[in-house]
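Structure first, then comments.
The values are calculated or read from the model by the stated rules, or taken from the named source; none is laboratory data. As the structure is a computational prediction, the values presented were derived from the model and not from experiment. Using ideal geometry, Cβ is built from the backbone for each residue, glycine included, and neighbour counts are taken over all protein chains shown. Areas reflect the complete protein model, heavy atoms only, side chains present, ligands, DNA and RNA absent. Shrake-Rupley method; radii C 1.70, N 1.55, O 1.52, S 1.80 Å.
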Amino acid sequence: MKKILPITNAIIAVISGSFILLGYFFPGVFGGIQSTLIGWAIILAAFALLLGIFNLAIVHWKKIGSEKSSNINSIVLLTSMFITIVIVGISGPTGSWSLWVFNSFQVPVEVSLLAVLAVVLVYAGARLLTRRPKWYTILFLVTVLLVLLGSVPLFLIGEITPLSIVRDWLAQVPAIAGARGLLLGVALGTVATGLRILIGVDRPYGG
Amino acid sequence: MDQVLSLLNSILGLLFILLCLGLILFYLLSDHSRAKLNLRGIQAFSHFKREVDLAVEAGKRLHISLGRGNINDLQGGAAFIGLTILDRCARAASNSDRPPVTTSGDGVITILSQDTLRSTYRSLGTMERYDPTNARLTGLTPMAYAAGAMPTIHDEQISANIFAGHFGTEIALLTEAGERNRSLTVAGSDSLPAQAVLYVTSDEPLLGEELYAAGAYLGAGAAHSASLRMQDIVRWVLVVAIVIGAILKLLRILP
């Protein structure tokens with residue numbers, strides 16, 4: 001049984017993957033089975049999400065049990081999770097109470113984290129020269145400065161046209177060329193990863 | 001006419017996939033793959049290997065973050081590389097007192113990371129080390145995911161963080177947490193904004209296709225080396241095709 005199950009998993013994965021791939025190229029022939037399989041995958045993903053949330057609750061329940069100073073975060077998380085589940089369960093996912101929870105807690109916390117992110121990025125940019133003191137770091141920082149200065153009107157001066165022209169050129173020529181090079185590598189890597197799973201030599205499903 | 005072009009497009013796409021598949025199988029099955037693959041040095045992987053050894057000796061933990069990509073679309077590709085890295089880490093740290101911990105922002109990736117840990121420990125014959133709470137879902141939105149993963153970096157005696165998956169700019173918060181914790185951060189993503197942020201914030205950023213070479217560099221098997229060879233060949237084919245296309249367009253032969 002221990003050997004049969006992984007082989008069965010692999011066979012199911014290879015057959016399903018092949019049908020879904022063929023569905024992209026020949027939607028007329030394989031489109032139906034492709035959408036059915038994707039539909040099943042979406043249902044399974046929803047159950048996986050529930051299991052993930054259950055896992056999150058268990059992790060924090062265990063943390064409360066351990067005697068550490070950081071378990072106050074876990075208490076807050078479990079309490080807010082319980083209250084949110086109750087409120088959304090009663091009010092419904094788009095009910096007024098659910099939206100109140102979302103708009104009053106989730107949105108402000110995420111926006112404040114975005115603000116922290118902006119500060120972190122500025123700090124990291126300033127620290128880059130000590131982290132990697134190379135010529136290309138200087139080039140990177142000069143480019144960032146040029147793009148920033150070319151993107152916003154300056155105090156008392158307004159927009160500087162030459163800087164805007166340089167910004168446009170940087171964004172449209174070298175940046176696009178570099179981005180396409182990176183995306184080419186990412187696309188080939190994704191194809192290779194998908195094919196390894198499709199032929200069953202890579203089995204992330206525990207096969 | 002449109003139908004013919006669409007069919008031609010599909011056939012060309014399928015031929016491209018078959019070419020890639022053929023090259024992987026060729027290198028996987030031929031004697032070429034048995035010869036040692038000459039890999040260019042990527043500092044991130046050599047530092048990572050050293051850090052894994054140090055973590056085992058020091059009794060510290062490795063943190064593998066798999067991002068918040070959904071496997072139902074393209075973003076899942078990077079997360080699968082993260083799972084390969086997780087497998088290698090779990091094997092390398094099999095003697096350690098503290099097994100690796102993973103965080104992710106998607107339910108399916110969480111289940112797959114639990115499954116990867118389970119099958120790795122099963123194959124090593126150390127199932128008693130498997131703990132499903134070592135593979136955690138930390139949040140479902142980008143910021144919630146980052147906020148949920150940061151305490152793991154701070155509280156779990158992490159010596160090295162490996163970020164491999166789909167991230168956005170929120171990864172800066174995670175790399176910053178690693179920096180504050182004085183732990184090494186090796187990070188790669190399929191997303192361009194995340195790669196730009198990683199260049200600035202990570203100790204060892206993996207740019208472009210470097211993340212996808214992780215399996216070959218960490219010794220995950222002949223299939224990873226074979227697919228790396230395929231990527232090298234197809235990349236050159238595409239580069240030549242792009243250059244020829246640009247020349248033909250410059251000469252106004254192509255519209």
Probe 1.4 Å - accessible area at residue A:15, Å² to nearest ten: 90
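What is the mean number of Cβ atoms from other protein chains located within 10 Å of the Cβ atom of each residue in peptide B:107-115, rounded to a whole number? It would help to have the intermediate numbers written out before the result.
Working: counts 13, 9, 3, 7, 10, 4, 1, 4, 6.
Rounded to a whole number, the mean comes out at 6.
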Compute, for residue B:60, the solvent-accessible surface of its heavy atoms (probe 1.4 Å) with the complete set of protein chains present, and express it in square angstrom to the nearest 10. 90
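Please report the buried accessible area for the interface of A with B, total over both chains, probe 1.4 Å, in Å² to the nearest 100.
Details: alone 16240 and 13620 Å², together 24530 Å².
So the buried area, both faces added, is about 5300 Å².
Give the calculated FRET efficiency between residue B:26 and residue B:235 to the nearest 0.05, with a Förster radius of 22 Å applied to their Cβ-Cβ distance. Walk me through the numbers on the way to the answer.
Details: r = 17 Å, r/R0 = 0.75.
So, using R0 = 22 Å, E works out to roughly 0.85.
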FRET efficiency for residue A:81 and residue A:47 from the Cβ-Cβ distance with R0 = 22 Å, rounded to 0.05, comes out at 0.75
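For a test of the definition: using alpha carbon positions, the gyration tensor, and the 1.5 limit on a/c, classify chain B as rounded, prolate or oblate.
Note, shape of chain B comes out prolate.
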Quick check: from the Cα gyration tensor, does the protein assembly as shown come out rounded (a/c under 1.5), prolate or oblate? rounded
Computed from the beta carbon distance with a Förster radius of 56 Å, FRET efficiency for residue B:1 and residue A:138 to the nearest 0.05 stands at 0.60
If you count only protein heavy atoms and use a 1.4 Å probe, how large is the accessible surface of residue A:151, to the nearest 10 Å²? 60
How much length is gained on full extension from residue B:72 to residue B:53, taking 0.36 nm per residue of separation minus their Cα-Cα distance? 3.4 nm
Treating cross-link reach as a plain straight distance, find the aspartates and glutamates whose alpha-carbon is under 16 Å from the alpha-carbon of residue B:49, omitting any fewer than eight places away in the same chain. B:57, B:87, B:203, B:204, B:210
Of the accessible area of chain B, with the probe set at 1.4 angstrom, what percent is carbon plus sulfur? 59
Take B:129, B:180 and sort them by solvent-accessible surface of the protein heavy atoms, 1.4 Å probe, largest at the top. B:180, B:129
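Per residue, how much accessible area does the protein assembly as shown show when a 1.4 Å probe rolls over the protein heavy atoms, in square angstrom? List each step's numbers first, then the result.
Details: 24530 Å² over 462 residues.
Per-residue value: 53 Å².
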Treating every alpha carbon of segment A:1-69 as one equal point scatterer without solvent, the Debye formula yields log10 I(q)/I(0) values at q = 0.18 Å⁻¹ of -0.82
Over all distinct alpha-carbon pairs, what is the Kirkwood Rh of segment B:1-106 in angstrom? 17.4
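Taking a ≥ b ≥ c as the square roots of the eigenvalues of the Cα gyration tensor of chain A, is the shape rounded (a/c under 1.5), prolate (a/b larger than b/c) or oblate? Intermediate results must be reported in sequence, preceding the final value.
On the way: a/c = 1.98, a/b = 1.25, b/c = 1.58.
Here chain A falls in the oblate category.
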